[in-house]
Amino acid sequence: MTEVTMTVNGKSVSRPVRGNELLVEFLREQLRLTGTHVGCDTSQCGACCVHVNGELVKACTMFAAEADGAEVATIEGMANADGSLNVIQQAFQDHHGLQCGFCTPGMVMAAAALLKDNPTPTEAEIRHYLQGNICRCTGYHNIIKAIMAASGQDAGKIAAE
Ligand code: FES
Ligand code: FES
């Protein structure tokens, strides 16, 4: 076991970790931050997306020990300070960008990373950016609408399904 220290959603945490412990296991099992989901064992689904030092990362592809000293953000840290939904979360709600919700934390984290670098992405740019996030329910259409709306653009202008 190795002791790691990282900042998760603004709070410093230190825990012993196994050498092969994944960041997603650390977040879910040690910190009980179960909003970060595990939807595959092939690094394809994106349900485990978090931010590490401001970059979008699939938390199943990184060892916890590799995040030693890092700033990690998860879906639990995305709400506004008063507990209300942030603009992306609210847009997913308003535009029905989720059904079962399993993919949603990863989608929101991916959307936040996209909008940080590209505040007004085109529909094509959103679709391209989300290629690492799989949704089994929505057909993606309303997810794209939600991200368009969260970026202040007209969600009604995206192509028909
Ligand atoms: S659980 Fe990480 S990509 Fe599927
Ligand atoms: S809402 Fe069910 S997997 Fe996306």
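The values are calculated or read from the model by the stated rules, or taken from the named source; none is laboratory data. Just so it is clear, the model here is predicted, and its values are computed rather than measured. Cβ sites come from the backbone with ideal geometry, for glycine too, and all protein chains shown count toward neighbours.
Structure data summary
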read-out: Filter result for the condition that a residue is touching an Asp or Glu at 6+ places or on another chain (Cβ under 6 Å) and either charged (D, E, K, R) or surrounded by 15 or more Cβ atoms within 10 Å (Cβ to Cβ) (or both), over Val38, Val50, Val4; value: Val4
read-out: Sole residue being more than 16 Å from ligand 1 (Cβ to nearest atom), within 24 Å of Cys135 (Cα to Cα) and touching a residue at least 40 places away in the same chain (Cβ under 8 Å), chosen from Ala110, Ala91, Ala65; value: Ala91
read-out: Any hit, the range 7-29, residues being among the charged types (D, E, K, R), in the same structural domain as Ile147 (by TED's automatic domain parsing) and out of contact with any strand residue (DSSP E or B) (no Cβ under 9 Å at 6 or more places or on another chain); value: no
read-out: Subset of the range 126-148 that is part of a helix (DSSP H, G or I) and within 16 Å of ligand 1 (Cβ to nearest atom) - its residue that is surrounded by the fewest Cβ atoms within 10 Å (Cβ to Cβ); value: Gln131
read-out: Residue selected from the range 99-121 under the condition surrounded by 14 or more Cβ atoms within 10 Å (Cβ to Cβ) and over 17 Å from Met78 (Cα atoms), by the criterion nearest to ligand 2 (Cβ to nearest atom); value: Gln99
read-out: Residue satisfying condition, being out of contact with any Cys (no Cβ under 7 Å at 6 or more places or on another chain), over 22 Å from Asn86 (Cβ atoms) and either modelled with pLDDT under 95 or more than 16 Å from ligand 2 (Cβ to nearest atom) (or both), within set Ala155, Ala159; value: Ala159
read-out: Residues of the range 4-22 satisfying the condition of being within 28 Å of Thr42 (Cβ to Cβ) and among the charged types (D, E, K, R); value: Arg15, Arg18, Glu21
read-out: Some residue of the range 85-100 being under 16 Å from the mean Cα position of the chain (by Cα) and either closer than 20 Å to Met6 by Cβ or part of a strand (DSSP E or B) (or both); value: no
read-out: Among the candidates His51, His96, residue that is in contact (Cβ under 8 Å) with a residue 60 or more places away in the chain and either more than 12 Å from ligand 1 (Cβ to nearest atom) or touching a Gly at 6+ places or on another chain (Cβ under 8 Å) (or both); value: His51
read-out: Index of the failed condition, Ser43 passing every other in (1) more than 16 Å from ligand 1 (Cβ to nearest atom); (2) over 11 Å from the mean Cα position of the chain (by Cα); (3) not aliphatic (A, V, I, L, M); value: (1)
